[in-house]
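The values are calculated or read from the model by the stated rules, or taken from the named source; none is laboratory data. Not measured: the values here are computed from a predicted model. When we count neighbours, we look across all protein chains shown, and the Cβ atoms used for this are built from the backbone with ideal geometry, even at glycine.
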Amino acid sequence: IKYYIPKAKLIAILRDPAERAYSNYLHLIKQEREPLDFAEALAQEEERIKNNWWSFWHYKHQGLYYVQLKRYYEEFEKSQIKVYLYEDLKNNSLGMLKDMFGFLEIDDTFTPDISEKVRQAPRLPKNKALESFLSQPHPVKSILSPLVPTSLSDKLVNKIRYLNRGKPKLSPAVRKQLIEFYREDILQLQDLIGRDLSQWLKC
């Protein structure tokens, strides 16, 4: 970048690295591309890296922001780099965008439409056996099918499926493990970007 666009302006938006890692994991779970539970996947990460797994499975290492940003600060003037936090986007998205427009030296009087909500975390099955029963052919369903109108059965299945799904939360034990992994990186990062990141260190 420095070679081709020496005056480039760079923007990064950083999320709590533990939450980012878990969100990354849930994304792959939803796509059925991750066979392990989160703790097991974290334990396997070093081995996966050695075996050249794509970086999307590097749940922990993708959140080492200081390591990744430091080289940009070494190559570019600090005035060319703007770092926001996910909390800025979540709590004051319009204010963040206005500030970003100013940084990019474009029309900061423009007010974008921000009515569309950020996509929420995926709702995943609580009971996998029930989800499988609802989704796959089953003798019981074959018996009941002629007795229940299709429109009613579809509504019932969708209702049960919705109730069986939830937004999984990162367990406190795994979060604590991740915070210890990230602690030094977070402390260095907050000095680098001049932001208080103490919330990221809370279990």
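Only residues that are free of Cβ contacts under 8 Å to residues at least 12 places away in the same chain and out of contact with any Leu (no Cβ under 8 Å at 6 or more places or on another chain): list them for the range 188-201, please. Matches in the range 188-201: Asp191, Gly194, Asp196, Ser198.
State yes or no: is Glu34 in contact with a helix residue (DSSP H, G or I) (Cβ under 7 Å, 6 or more places away or on another chain) and in a loop (DSSP other than H, G, I, E, B)? Answer is yes for this residue.
Does the range 128-141 contain at least one residue that is part of a loop (DSSP other than H, G, I, E, B) and under 23 Å from the mean Cα position of the chain (by Cα)? The answer is no; no qualifying residue exists. Of everything in the range 6-56 that's of a type in the set (Phe, Trp, Tyr) and more than 27 Å from Gln190 (Cβ to Cβ), which residue is surrounded by the fewest Cβ atoms within 10 Å (Cβ to Cβ)? Once the filter is applied, the top-ranked residue is Trp54. Kindly provide the set of residues from the range 67-99 that are surrounded by fewer than 15 Cβ atoms within 10 Å (Cβ to Cβ), closer than 19 Å to Leu192 by Cβ and either in contact with a Cys (Cβ under 7 Å, 6 or more places away or on another chain) or of a type in the set (A, V, I, L, M, F, W, C) (or both), ordered by number. Val67 - this is the single residue of the range 67-99 that is surrounded by fewer than 15 Cβ atoms within 10 Å (Cβ to Cβ), closer than 19 Å to Leu192 by Cβ and either in contact with a Cys (Cβ under 7 Å, 6 or more places away or on another chain) or of a type in the set (A, V, I, L, M, F, W, C) (or both).
Note on the range 100-110: residues that are farther than 16 Å from Leu10 by Cβ and either basic (Lys, Arg) or surrounded by fewer than 11 Cβ atoms within 10 Å (Cβ to Cβ) (or both) amount to 3. Taking the numbered list (1) in contact with a strand residue (DSSP E or B) (Cβ under 7 Å, 6 or more places away or on another chain); (2) under 21 Å from Ile193 (Cα atoms) in turn, Gly102 passes all entries but (1).
Scanning the range 48-88 for residues that are in contact with a Lys or Arg (Cβ under 6 Å, 6 or more places away or on another chain) and within 30 Å of Lys98 (Cβ to Cβ) returns Gly63, Glu75, Gln80, Tyr86. If you check Ile13 against the conditions, is it among the hydrophobic types (A, V, I, L, M, F, W, C), touching a Phe, Trp or Tyr at 6+ places or on another chain (Cβ under 9 Å) and assigned to a strand (DSSP E or B)? Here the answer is yes, as Ile13 does meet what is asked.
Residue check: Pro125 meets all listed conditions (1) under 29 Å from Arg71 (Cβ atoms); (2) under 22 Å from the mean Cα position of the chain (by Cα); (3) not small (Gly, Ala, Ser) but one, namely (1).
So, Glu116, is that one surrounded by fewer than 10 Cβ atoms within 10 Å (Cβ to Cβ), part of a loop (DSSP other than H, G, I, E, B) and assigned by TED's automatic domain parsing to the domain that holds Gln188 or not? Yes: the conditions hold for Glu116. Quick one: would you say Lys70 is touching a residue at least 60 places away in the same chain (Cβ under 8 Å), over 27 Å from Thr109 (Cβ atoms) and not assigned by TED's automatic domain parsing to the domain that holds Glu116? So Lys70 does not fit the description; no. Screening the range 58-104 for helices (runs of 4 or more DSSP H) wholly inside it with 2 or more residues that are closer than 16 Å to Ala21 by Cβ and at pLDDT 95 or above returns the ranges 65-75. Comparison of Lys202, Lys128, Lys169 shows that the only residue that is modelled with pLDDT under 85, surrounded by fewer than 12 Cβ atoms within 10 Å (Cβ to Cβ) and not β-branched (Val, Ile, Thr) is Lys128.
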